[in-house]
1. Excluding residues on the same chain fewer than 8 positions from Lys87, give the lysines whose Cα lies under 23 Å from its Cα.
2. Under 17 Å Cα-Cα from Lys134, which aspartates and glutamates qualify once same-chain neighbours fewer than 8 residues away are excluded?
3. Could you work out the local net charge near Asp67, counting Lys and Arg as +1, Asp and Glu as -1, over the other residues with Cβ closer than 13 Å to its Cβ?
4. Under a straight-distance cross-link criterion of Cα-Cα below 19 Å, which lysines are reachable from Lys135, leaving out those fewer than 8 residues away in the same chain?
5. List Glu86, Glu142, Glu49 from most exposed to least, where exposure is judged by having the fewest other Cβ atoms within 10 Å.
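Each value in this text was obtained by applying a stated rule to the coordinates, not by laboratory testing. Bear in mind that the values here come from a model prediction, so they are computed numbers and not experimental data. Ideal geometry is used to build each Cβ from the backbone, glycine not excepted, and the neighbour counts take in all protein chains shown.
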Amino acid sequence: MAVVRWRPMRDIAGFQEEVNRLFDEFFGRVPAEGRTAPTIWAPPVDIIEKQDALVVKAELPGMSKDDLKINIEDNVLTIRGEKKQEKEEEGAQYHLAERVYGVFQRSFTLPASIDPGKVKASYKDGVLVIEIPKKEEAKPKEIPIEVK
């Protein structure tokens with residue numbers, strides 16, 4: 001009987017490649033053969049609470065403000081849009097295509113302390129910033145202490 005040397009790291013690397021392939025297939029990445037596949041994507045978002053407002057920042061590079069819609073209904077903020085795919089050059093062959101395109105929608109439940117009537121939004125350098133002020137009664141108030 002021949003002695004076969006076991007190399008666990010090679011087995012782990014093969015397993016990792018298989019898991020990566022399954023994830024790419026499931027989440028709609030472009031397969032290695034270069035064929036396009038349907039994509040599902042959601043832009044990364046930060047939600048920051050300040051003393052007087054909630055600030056939502058979403059990374060949306062390559063989009064224009066006309067591609068975006070923002071809505072607040074029943075204290076739910078919804079950001080939706082479409083990142084349009086660039087026209088492919090005729091005769092060009094992609095060796096790698098990782099950028100994502102398509103329609104997205106993100107929704108976030110907001111606290112009751114916000115004032116949806118005073119929302120401001122701006123879009124600069126691929127970052128959407130939505131500032132949602134808090135209601136006056138929700139802002140912390142400093143109470144002076146009297147010395148007697």
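1. Lys65
2. Partners found: Glu49, Asp52, Glu73, Asp74, Asp115, Glu142.
3. Every neighbour counted, the sum reads +3.
4. Lys50, Lys118, Lys120
5. Ranking Glu86, Glu142, Glu49 by Cβ neighbours within 10 Å, fewest first, gives Glu142, Glu86, Glu49.
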